[in-house]
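Student: Before I ask anything, let me first share the structure, which is written out below as structure tokens.
The values are calculated or read from the model by the stated rules, or taken from the named source; none is laboratory data. Everything numeric here is computed off the predicted structure, so don't read it as measured data. Virtual Cβ from ideal backbone geometry, glycine too; neighbours counted across all protein chains shown. Accessible surface areas use protein heavy atoms only, side chains included; no ligands, DNA or RNA. Shrake-Rupley method; radii C 1.70, N 1.55, O 1.52, S 1.80 Å.
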Amino acid sequence: MDKNKSDTGQPGPLQVFEDHVSQGEFRIQQCKDCGSHVFYPRYLCNHCGSSELKWVEVSGRGIVYSTSVVRRKPERGGDYNIALIDLEEGPRMMSRVMDVDPDQVTIGMAVSAHIGLIDDKPAVVFYNKEQGDKEW
Amino acid sequence: MVASLRGSAAVVGVGLTEFTGLPGMNHMEIMARAVERAILDAGIQKNEIDGIFSANFVELLTPLTVAEYFGLNPTYMDGTNTGGSVFVNSMQSAAAALHLGLCNVALICYGSNSATGPFTHPPAMHTVEDIYKPRNPITPYALAAARHMHEYGTTKEQLAEVAVSARKWAQLNPAATMRDPLTVEDVMTARMIVDPLGLLDCCLVSDGGAAMIMVRSDRAKDFPKKPVYMLGVGSRTDHNLISAMPNLCVTPAKAAAAAAFAMAGVTPADIDVVELYDAFTINTILFLEDMGFCQKGEGGHFVSNGNIAPGGSLPVNTNGGGLSCVHPGMYGMFLMIEAVQQLRGECGERQVDGAKLAACNGNGGFLASQVTAIFGTEDTL
């Protein structure tokens, strides 16, 4: 896990994000100077250039901005969804909508974030319906 | 006010390989065949080349490899990699370097054995998208197509019209890879790859090499072929990952084309022939809109009823494009060479009569790098 560590021994923003996800939390950055939310995790705010970025909780609510289905043979795991989600806080991220057939995900659909597993690795995924207790 | 590059440089030599039947040749050997042909076309000795512009997806330090391979000692090198658009971007760099006297004979070159060579993954980008396993590069373009369909009512049938038009041009080009008849229904019923893009919405995977030689315009008439002048160029980007693209329906080609047309002092209505990077059918629609050949959202309608096919109102992708002619990993060079050959009047059955102005748009990454170039004959200087 040294790959994202700075020379001060502190983990870099990407490592911090991944550590949060591993702990079941979905946090993104917010710039203390301009107030913009930042995703993916960065060292500098991509809006104003400030390095004063803090980790904040997100509502977990989002809207599907676009969606597609990767077609894959059943023996290789079958089809899966790839969507772009506009988070309520502003940033857009790639993810998967997991509780709807991949080709039934629609643009404009309201979705909520959850820490799920993709190939046994924790990842921020989305559900069309609220599922379970959010842990952040 | 910075100096304009309008008309400052000209293409005096081009070379293409065959696009099939190159098994056993590696990417450098395929490139070398194209370079040999470009040198012959320009009527120069290889040692006159003192500027090298080259990039690919399979090796680092490409300009050094090229210099060594051809036994050259260039005074200027550029190995910038913006994806498939890079050669149009290189053309801008070459024009600037020629203008400043940093080099005198610029070689832009590329070769690939994507079809018959061992499969080579491009170097990984290591991003937050990786865990979701997008099928790159298809997924980002599928997401753009889905959004365009949602916002503007663009249909699968209209996407298919792009592929059919490209095929009709390919049928007029003996060098094109795919020349069998193709219908809208064929495209719409092809196996789905990443919804909404099916197999025939996606470009070919080809072998192929291409090379181009440029000089300052004051020397352009010292070479055997009719020079083709660079009148305008513009290069823009606004993202790398598709999740970072501000608007999936508006690419940086909008700003790139505006800059190129402004430098050239012409408008889309003046253009005789258009070459667009059609890695996927949605690309042609997006770029026609962004470059101003039709209004935003009307691209699907614009490409219908054979409007961009032979006999239509606007000749687009006259070699058959990446969809039906050739797409060896990075296609940008092939756009410019088709434009040059059209402006020279060398295109046989697919020749656009009296073509004097051509517009090209190179695309790199996931709609990320857009580089527009306007070329013209001597009359347009």
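Student: Please give the length that would be gained between B:ASN305 and B:ALA258 if that part of the chain were fully extended, namely 0.36 nm times their separation in residues minus their C-alpha to C-alpha distance (nm, one decimal). Each step should come with its number before you reach the end.
Tutor: Details: separation 47, 0.36 × 47 = 16.92 nm, distance 2.75 nm.
Fully extending the segment from B:ASN305 to B:ALA258 adds 14.2 nm.
Student: Comparing the chain by itself with all protein chains present, which residues of the stretch B:228-275 are at least 30 Å² less accessible (probe 1.4 Å)?
Tutor: B:SER243, B:LEU248
Student: Enter the accessible area of B:VAL187 (Å², nearest 10), with the probe set to 1.4 Å and all protein chains included.
Tutor: For B:VAL187, solvent-accessible area is about 0 Å².
Student: Connecting C-alpha atoms closer than 10 Å in a GNM of chain B, tell me which of B:ALA257, B:ALA368, B:ALA244 has the biggest fluctuation.
Tutor: Judging by the Gaussian network model, the answer is B:ALA244.
Student: Then there is this: Let a ≥ b ≥ c be the square roots of the eigenvalues of the Cα gyration tensor of the stretch B:275-381; is it rounded (a/c under 1.5), or, if not, prolate (a/b larger than b/c) or oblate? The partial results should precede the final answer.
Tutor: Details: a/c = 1.44, a/b = 1.22, b/c = 1.18.
Here the stretch B:275-381 falls in the rounded category.
Student: Can you sort B:ASP195, A:ASP120 by 1.4 Å-probe accessible area, starting with the largest? Intermediate values should be presented prior to the final figure.
Tutor: Working: B:ASP195 30, A:ASP120 135 Å².
The ranking, largest first, comes out as A:ASP120, B:ASP195.
Student: Peptide A:66-77: average number of partner chain Cβ atoms within 10 Å per residue? Write down the numbers at each step before the final one.
Tutor: Details: counts 16, 7, 17, 8, 11, 9, 3, 0, 0, 0, 0, 1.
Mean number of neighbouring Cβ atoms from other chains: 6.
Student: If amide H atoms are built 1.01 Å from N in the plane of the peptide, which residues on other chains or at least 5 residues away come under 5 Å of the amide H of B:SER206?
Tutor: Amide H neighbours of B:SER206, under 5 Å, 5+ apart: B:ALA115, B:HIS327, B:GLY329.
Student: Using a 1.4 angstrom probe, figure out how much accessible area the stretch A:13-57 has per residue, in square angstrom, rounded to the nearest whole.
Tutor: Value returned for the stretch A:13-57: 51 Å² of accessible area per residue.
Student: Could you provide, to the nearest whole Å², the per residue accessible area of the stretch A:67-136 with probe 1.4 Å?
Tutor: Numbers: 3510 Å² over 70 residues.
Normalised by residue count, the accessible surface of the stretch A:67-136 is 50 Å².
Student: Okay, moving on. Could you work out which residue, out of B:LEU100, B:LEU172, B:LEU241, moves most in a Gaussian network model of chain B, that is, has the largest mean-square fluctuation with Cα springs under 10 Å?
Tutor: The residue that fluctuates most here is B:LEU100.
Student: What ranking of B:GLU338, A:GLU18 comes out by heavy-atom accessible area, probe 1.4 Å, highest first? All intermediate terms of the calculation are to be shown ahead of the outcome.
Tutor: Working: B:GLU338 5, A:GLU18 65 Å².
These residues rank, largest area first, as A:GLU18, B:GLU338.
Student: Accessible surface of B:HIS121 in the full protein assembly, 1.4 angstrom probe, to the nearest 10 Å²?
Tutor: It works out to around 140 Å².
Student: Might you report the magnitude of the Cβ-based charge dipole of the stretch A:70-121 about its Cα centre, with Lys and Arg at +1 and Asp and Glu at -1, to the nearest 20 debye?
Tutor: On the way: 7 positive and 10 negative charges, 57 e Å.
The calculated dipole for the stretch A:70-121 is roughly 280 debye.
Student: Also: For the stretch B:328-345, take each phi angle, set θ = phi - 60°, evaluate the Karplus expression 6.51 cos²θ - 1.76 cosθ + 1.60, and give the result in whole Hz per residue in order, putting x for glycine and proline.
Tutor: Per residue, the Karplus-derived 3J(HN,Hα) values read x, x, 10, 10, x, 4, 5, 4, 6, 5, 5, 4, 4, 5, 5, 6, 7, x Hz.
Student: OK, next. Using Cα pairs under 8 angstrom and six or more residues apart, how large is the relative contact order of chain B, in percent?
Tutor: Averaging sequence separation for qualifying contacts and normalising by length gives 26 percent for chain B.
Student: Same structure, new question: Using a 1.4 angstrom probe on the protein heavy atoms only, line up B:ASP278, A:ASP99 by accessible area, largest first. Write out the running numbers ahead of the final one.
Tutor: Working: B:ASP278 0, A:ASP99 55 Å².
Accessible-area ranking of B:ASP278, A:ASP99, largest first: A:ASP99, B:ASP278.
Student: Which lysines have a Cα less than 16 Å from the Cα of A:LYS32, not counting those fewer than 8 places away in the same chain?
Tutor: Within the straight-line cut-off, A:LYS32 pairs with A:LYS54.
Student: Now for a different question. Please enumerate, by chain and number, the lysines with C-alpha under 24 Å from the C-alpha of B:LYS296, excluding those fewer than 8 residues away in the same chain.
Tutor: Candidates past the 8-residue exclusion: B:LYS156, B:LYS254.
Student: If you count only protein heavy atoms with a 1.4 Å probe, what accessible area per residue comes out for the stretch B:1-86, rounded to a whole Å²?
Tutor: 46 Å²
Student: Give the angle, between 0 and 90 degrees and rounded to the nearest 10, that separates the Cα long axis of helix A:13-22 from the longest principal axis of the Cα atoms of chain A.
Tutor: 50 degrees
Student: Let me ask something additional. Pick from B:GLN295, B:GLN341, B:GLN158: which residue has the top mean-square fluctuation in a GNM of chain B where Cα pairs under 10 Å get a spring?
Tutor: B:GLN295
Student: Right, something else. Between B:MET125 and B:ASP222, how many nm apart are label points set 7 Å from Cα along the C-beta direction?
Tutor: 4.3 nm
Student: Tell me which cysteines of the protein assembly as shown come out unpaired when the rule is another cysteine's Cβ under 4.7 Å.
Tutor: B:CYS103, B:CYS109, B:CYS202, B:CYS203, B:CYS249, B:CYS294, B:CYS325, B:CYS347, B:CYS360
Student: Just the number, please: buried accessible area between B and A, total of both chains, 1.4 angstrom probe, nearest 100 square angstrom. It would help to have the intermediate numbers written out before the result.
Tutor: Values: alone 14860 and 8220 Å², together 20890 Å².
So the buried area, both faces added, is about 2200 Å².
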